[in-house]
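K.L.:
Sending over a structure as structure tokens; questions will come in a sec.
The values are calculated or read from the model by the stated rules, or taken from the named source; none is laboratory data. Fair warning: this is a prediction, and the values are worked out from it, not measured in the lab. With ideal geometry, Cβ positions are generated from the backbone for all residues, glycine too; neighbour counts draw on all protein chains shown.
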Amino acid sequence: MRTVNRVATLLLAVALLAGGALAVAEGLLAALGGPGPLVHRWYATLTTTRWQDAPARAVAGGVTLLGLVVLVAELRRWRPARLRLAEDDRWHLHRRSMERRLARAVCAVPSVRRARVRLRRRGDVWRPRVTATADPAARADVEFALHRELDRLAAPRRGRIDVRLLPARRAT
Amino acid sequence: MSNAAHRLLWTVLALVFVAAGGTALAVGLGWLPGGGAPLLGAGPANWWRAGTPWSGLAVAVGGVLAALLGQRLLAAGLRVPGRLAGTLAHPGDGGGRTRVTTEVLTAALERDLCRAPGVRRARVVLTGPVSGPDVWVELRVDPYAGLGAARAHVDAAVRRFAATVGCQPAHLDVTALVDEPRP
């Protein structure tokens with residue numbers, strides 16, 4: 001969401017720049033006595049379209065829906081960018097880099113082909129969730145690798161490790 | 001611009017979209033009066049004609065302001081993060097205040113932090129008063145290193161720094177990023 005916000009702000013900035021330049025050109029043309037082609041076209045559209053016409057209602061509905069979607073996306077709780085090591089600690093770990101490191105540790109287990117790790121924090125407890133393409137018999141090895149890596153990172157108390165192993169598809 | 005600033009901007013814009021779109025939809029659906037009127041009524045059109053040529057100039061000035069706002073937003077959005085330089089403030093005897101740039105101080109602390117085991121790069125930002133600064137540390141650590149030894153070294157480095165500068169850090173905040181392994 002952070003990246004989406006930044007890209008959206010850049011697009012908004014470009015739109016403001018382009019729209020502002022257009023408004024300057026049209027305003028100066030109108031001040032000199034010759035209204036620009038855009039003003040002429042928009043004037044005709046805006047004075048003939050009524051609020052209850054279908055296009056006006058569709059645009060209004062679209063704007064409302066867009067606003068609601070953006071509002072929900074901005075107000076819901078985001079996943080934190082960093083995780084505090086302990087409740088009263090001043091040390092934090094960058095969450096995404098941690099997840100990548102844990103995924104690398106899982107990938108080092110024999111029979112694991114691909115792995116993705118998501119880290120959540122409930123109070124003082126970390127809850128890693130692993131999704132990996134591997135032999136289901138490798139569950140204990142995956143859990144051991146994760147425990148060892150979390151120990152090396154001096155991670156705080158951890159809850160149950162949620163391991164989901166998907167068998168690799170075999171070519172027929 | 002910080003993530004919080006982006007979030008606030010889009011929350012405000014979303015509220016504006018919902019309010020404007022909802023009102024227009026209510027008028028269009030007949031829940032509010034005025035559904036039969038054109039989008040641009042006679043009033044604004046008369047104002048535009050009566051104000052010529054000043055109305056055109058007003059639109060041009062509005063366009064300049066919008067373009068300036070866009071330019072500022074673009075500059076803020078394209079600014080490379082991580083170049084934030086902190087300043088310390090030293091209150092004077094009178095009403096004045098001396099602002100101290102911290103590059104020299106942070107460079108020394110960063111060099112010390114880079115000697116910690118497993119730390120590849122360090123960045124420090126100091127803010128707040130000279131006597132009790134807030135110390136913000138970002139470390140890039142080796143992908144295979146443990147954190148225990150690095151923690152001890154960082155704590156010692158900050159203590160050394162405080163003793164050398166003669167300050168008492170009011171707040172220490174450390175963020176460790178695990179680096180990607182080198183190919």
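K.L.:
Could you tell me whether any residue of the range A:58-69 is within 30 Å of B:L139 (Cα to Cα) and crowded, with 18+ Cβ neighbours inside 10 Å?
P.N.:
No, the range A:58-69 contains no residue that is within 30 Å of B:L139 (Cα to Cα) and crowded, with 18+ Cβ neighbours inside 10 Å.
K.L.:
From the list B:V174, B:V135, pick out the single residue that is in the same structural domain as B:T106 (by TED's automatic domain parsing), buried (at least 20 other Cβ atoms within 10 Å of the Cβ) and either under 16 Å from A:L85 (Cα atoms) or of a type in the set (S, T, N, Q) (or both).
P.N.:
B:V174
K.L.:
When you go through (1) in a helix (DSSP H, G or I); (2) more than 9 Å from every other protein chain (Cβ to nearest Cβ); (3) over 22 Å from the mean Cα position of the chain (by Cα); (4) surrounded by 13 or more Cβ atoms within 10 Å (Cβ to Cβ) one by one for A:A44, which number turns out not to apply?
P.N.:
The one condition A:A44 does not meet is (4).
K.L.:
In the range A:47-82, how many residues are among the β-branched types (V, I, T) and outside any helix (DSSP H, G or I)?
P.N.:
Result for the range A:47-82: 1.
K.L.:
Just checking, how many residues over the range A:142-172 are more than 17 Å from A:D124 (Cβ to Cβ), at pLDDT below 80 and within 14 Å of chain B (Cβ to nearest Cβ)?
P.N.:
1
K.L.:
Cβ-Cβ below 7 Å, separation at least six or inter-chain, first residue in the range B:48-68 and closer than 15 Å to A:V39 by Cβ and within 7 Å of chain A (Cβ to nearest Cβ), second of a type outside the set (A, V, I, L, M, F, W, C) and assigned to a helix (DSSP H, G or I): which pairs?
P.N.:
B:G56/A:G27; B:L57/A:G27; B:V59/A:E26; B:V59/A:G27; B:A60/A:G27; B:G63/A:G20; B:G63/A:G27
K.L.:
Let me ask another. Which residue pairs have Cβ atoms under 9 Å apart, sit 6 or more places apart or on different chains, and have a first residue in the range A:1-22 that is assigned to a helix (DSSP H, G or I) and a second that is surrounded by 15 or more Cβ atoms within 10 Å (Cβ to Cβ) and acidic (D, E)?
P.N.:
A:N5/A:E74
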